[in-house]
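Student: Input: one structure, supplied below.
The values are calculated or read from the model by the stated rules, or taken from the named source; none is laboratory data. Note that the structure is a prediction, hence the values are computed from the model and not measured. Neighbour counts are summed over all protein chains in view; Cβ atoms, including those assigned to glycine, are modelled from backbone coordinates with ideal geometry.
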There are 2 protein chains.
Amino acid sequence: MPDSIPADSVGVVSPTTLHFDEPLRLDCGVTLSEYDLVYESYGTLNAESNNAVLICHALSGDHHAAGFHAEQDPKPGWWNNCIGPGKPIDTNKYYVVSSNNLGGCGGSTGPLSTNPATGTAFGPDFPIVTVRDWVESQARLANALGIDRWAAVMGGSLGGMQVLQWAVDYPKQIANAVIIAATPKLSTQNIAFNEVARQAIRCDPSFHEGHYRLHNVVPERGLMLARMLGHITYLSDDVLHAKFGRELRDGKFNFGYDVEFQIESYLRHQGQSFVQRFDANSYLLMTKALDYFDPAAQFDNDLTKTVSNCQANFLVISFTSDWRFSPEKSRELVRALLDSDKNVSYIDIESEHGHDSFLMEIPLYHNVLHSYFARSLQEQQY
Amino acid sequence: MPDSIPADSVGVVSPTTLHFDEPLRLDCGVTLSEYDLVYESYGTLNAESNNAVLICHALSGDHHAAGFHAEQDPKPGWWNNCIGPGKPIDTNKYYVVSSNNLGGCGGSTGPLSTNPATGTAFGPDFPIVTVRDWVESQARLANALGIDRWAAVMGGSLGGMQVLQWAVDYPKQIANAVIIAATPKLSTQNIAFNEVARQAIRCDPSFHEGHYRLHNVVPERGLMLARMLGHITYLSDDVLHAKFGRELRDGKFNFGYDVEFQIESYLRHQGQSFVQRFDANSYLLMTKALDYFDPAAQFDNDLTKTVSNCQANFLVISFTSDWRFSPEKSRELVRALLDSDKNVSYIDIESEHGHDSFLMEIPLYHNVLHSYFARSLQEQQY
């Protein structure tokens, strides 16, 4: 834990919960009669309300993007290296909003919440939500916060997909779209990995068709497997090699099934700790939102047409070693944006860290974000 | 099923079981006091006994490489497209031997066999075997068959690793080493995928620490997951895209967890059918043999030194889209062979089919094998 909170931190923060009474009709046809959104904010909204930045989180993220939840909190938010005073997303200049997605398990209404219709937890009855549903709910959050137009909406991975959907669905309400390590739609291989993760969870006998909490159990094994598999796809083969190689925990083979290679130890640890903090029904929902995401499907599968009404400036960032959402996918989007005469900057950042690069403090990456935001602010002022 | 057995087939074949009484001390320190090896053979051993080809099988393969087990057998052996009269491995010229690996579930002694010490099935007590153990047992098989020197030892994937081990361990007993879609050792990512597969099996409550047969169950869910995951790594992203894309079974999203995308249907089918034909304890063993394989570990991690005593001619084949054992791994071996002045031919075959390419009838691939074998035979005759 930090001796004291660093000067470039947003400090101790606490989440806010907003209740929404206006029913939200979801893509799946189900209507949420009411729901909560939990969010954190860092920095101050200016008088013109034009310095607000929305952070969209990825599969296992939440609203706690920066700062600490207590003086002695050992761990800051998940994008703390990027958000704070003087950081790429400079909270001296920007008002940063980070909300937990509907269907998640961080506080916004999701499978762990009470279903007002039954008085018990939704569990597996929580409807499958889509990226578009999230954007719709975030638009209502913006409304509630008095933000007519975001200076930027940004996010990595599944977060980046929300950004693209924002730019398509609310062209006038987003000045800059910062899309990092994302894709305009999942590949067959991506869906395949998600399906194995889902089957791991759903085949766990403790899953009980999603009603595991009624049985006072959680499908730990399945969720652990899903996370282990996820981790392999978040990292590049090269970085796995550099970190773990073929190193053995005991320096020799034991000819058994306990941990032998260090990589096994790492994966088991990642899997086990995830089980402590994430809900299996939420994980299932999130993978479905990923699979379904394909904004071009409603524009004759034409990505250029899809983005033709966008008004935002775009910054698209990919990472050379990302094989989950490869740079080629980002370039597909960039080409569509160029073909429809949008203002787009693109950089493919050299990094060995695979998909996880978007969370890391890579100097060039953060410099690019820093410069982009500095320029945007300048353009806004003059 | 075929109306009649094709003319270029080896026809109806049946396996032979050989019992070995001489104890076999395994790498893990355990000694098998006796064991069976089951094998098939195609073609005829010539008077000089110098036309024998050994086929080594991969993770889920077995001894049934070619031909049919009955006139009405719907499916031939796993490498039927490559082995037969006039085929690349021409059974008019070669005597082809294909054996089931120890620890497998195809008939050679393994977890399903009776442990002579207890009178009950080995189950999880069957010792973990290594590629070196397999080669040792295959060397004894060669002895029993009166084959002093193989015209060729060949195999793909884990089969190719056995070939390399053969060339290292028995330099005088192998004229040609044909190593296809293999690697001199697994990468960290390879081990990571294997570990997820193992955990899937071992965490299945029906696994019972490997004693599932005593409980009259099998860890179906775990083995299914392992196979689904395996299949993703056997195919390239491109071929998955070409075969399944984002195609939906019902043409629309159902917002549920039944099969939606065709790729999900394919993976579930592959997983479920594998459970019918493969033993979970064998699967675990095989993945361990893969992880452990690293012949250079006993030569100061110097691959050039490792192959320096080899006397075989080498043919190394990789496939451009194989990301499980990438062409770069094959080239690592080729470089080591060149550095130690071995006679080596190498080709990287253009194929979109990923790792599975080694099983497919790709014209250039089969032509290369055909030419290589034709030349070898010529060199042998003159």
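Student: Identify the single condition in (1) surrounded by 18 or more Cβ atoms within 10 Å (Cβ to Cβ); (2) on the phi > 0 side of the Ramachandran plot that B:Asp341 does not satisfy, given that it satisfies every other one.
Tutor: That leaves (1) as the condition not met.
Student: Follow-up question, since we're still on this one. Go through (1) at the interface with chain B (Cβ under 8 Å from one of its Cβ atoms); (2) in contact with an Asp or Glu (Cβ under 8 Å, 6 or more places away or on another chain); (3) closer than 30 Å to B:Gln272 by Cβ; (4) of a type in the set (A, V, I, L, M, F, W, C) one by one and return the number of the condition A:Phe253 breaks.
Tutor: With respect to (1) at the interface with chain B (Cβ under 8 Å from one of its Cβ atoms); (2) in contact with an Asp or Glu (Cβ under 8 Å, 6 or more places away or on another chain); (3) closer than 30 Å to B:Gln272 by Cβ; (4) of a type in the set (A, V, I, L, M, F, W, C), A:Phe253 is out only on (3).
Student: So, one more: Select, from B:Met224, B:Met154, the only residue that is at pLDDT 95 or above and assigned to a strand (DSSP E or B). Explain how you work it out, then say what you get.
Tutor: Working: B:Met224 fails: assigned to a strand (DSSP E or B).
Going through B:Met224, B:Met154 in turn, the sole match is B:Met154.
Student: Any idea which residue in the range A:256-268 is surrounded by the fewest Cβ atoms within 10 Å (Cβ to Cβ), counting only those that are more than 7 Å from every other protein chain (Cβ to nearest Cβ) and among the acidic types (Asp, Glu)?
Tutor: Let us first name the residues in the range A:256-268 that are more than 7 Å from every other protein chain (Cβ to nearest Cβ), namely A:256, A:258-260, A:262, A:265-266, A:268.
Next, from what is left, pick out any that are among the acidic types (Asp, Glu): A:258, A:260.
Numbers: A:Asp258: 9, A:Glu260: 23.
Within the range A:256-268, the match that is surrounded by the fewest Cβ atoms within 10 Å (Cβ to Cβ) is A:Asp258.
Student: Quick check on my filter: what residues within the range B:201-229 are crowded, with 23+ Cβ neighbours inside 10 Å and more than 21 Å from A:Phe207 (Cβ to Cβ)?
Tutor: Hits for the range B:201-229: nothing passes.
Student: OK, next. From B:Lys288, B:Lys329, B:Lys305, grab the single residue that is touching a residue at least 12 places away in the same chain (Cβ under 8 Å), within 24 Å of A:Phe253 (Cβ to Cβ) and surrounded by fewer than 16 Cβ atoms within 10 Å (Cβ to Cβ).
Tutor: On the way: B:Lys288 fails: surrounded by fewer than 16 Cβ atoms within 10 Å (Cβ to Cβ); B:Lys329 fails: surrounded by fewer than 16 Cβ atoms within 10 Å (Cβ to Cβ).
Result of the check over B:Lys288, B:Lys329, B:Lys305: B:Lys305.
Student: Being of a type in the set (A, V, I, L, M) and either part of a loop (DSSP other than H, G, I, E, B) or closer than 27 Å to A:Arg198 by Cα (or both) is the filter here, so list the residues in the range A:38-65 that pass it. Reasoning before the result, please.
Tutor: Here is the first cut: in the range A:38-65, the residues of a type in the set (A, V, I, L, M) are A:38, A:45, A:47, A:52-55, A:58-59, A:65.
Correct list: A:Val38, A:Leu45, A:Ala47, A:Ile55, A:Ala58, A:Leu59, A:Ala65.
Student: Which of the residues that make up the range A:269-283 are surrounded by 18 or more Cβ atoms within 10 Å (Cβ to Cβ), away from chain B (no Cβ under 11 Å) and not hydrophobic (A, V, I, L, M, F, W, C)?
Tutor: A:Asp279, A:Ser282, A:Tyr283
Student: Same structure again: Taking A:Phe274 as the residue in question, decide whether it is outside the structural domain of A:Gly155 (by TED's automatic domain parsing), under 28 Å from A:Met224 (Cβ atoms), of a type in the set (Phe, Trp, Tyr) and free of Cβ contacts under 8 Å to residues at least 24 places away in the same chain. Let's see the steps before the verdict.
Tutor: Working: outside the structural domain of A:Gly155 (by TED's automatic domain parsing): yes; under 28 Å from A:Met224 (Cβ atoms): yes; of a type in the set (Phe, Trp, Tyr): yes; free of Cβ contacts under 8 Å to residues at least 24 places away in the same chain: no.
Spelling it out, it is not the case that A:Phe274 is outside the structural domain of A:Gly155 (by TED's automatic domain parsing), under 28 Å from A:Met224 (Cβ atoms), of a type in the set (Phe, Trp, Tyr) and free of Cβ contacts under 8 Å to residues at least 24 places away in the same chain.
Student: What number of residues within the range B:203-257 satisfy the criterion of being over 24 Å from the mean Cα position of the chain (by Cα), closer than 30 Å to A:Val218 by Cα and among the hydrophobic types (A, V, I, L, M, F, W, C)?
Tutor: Qualifying residue count for the region: 6.
Student: Separate question: Which of the residues belonging to the range B:299-333 are of a type in the set (D, E, K, R) and in a loop (DSSP other than H, G, I, E, B)? Step through it out loud before you land on a result.
Tutor: Residues of the range B:299-333 that are of a type in the set (D, E, K, R), as a first pass: B:300, B:302, B:305, B:322, B:324, B:328-329, B:331-332.
Within the range B:299-333, B:Asp300, B:Asp302, B:Asp322, B:Arg324 qualify.
Student: On to the next question. What pairs come up if the first residue lies in the range A:15-31 and is within 14 Å of another protein chain (Cβ to nearest Cβ) and part of a strand (DSSP E or B), the second is hydrophobic (A, V, I, L, M, F, W, C) and surrounded by 17 or more Cβ atoms within 10 Å (Cβ to Cβ), and their beta carbons are under 6 Å apart, counting only those six or more places apart or on different chains?
Tutor: Listed pairs, sorted by first residue: none to list.
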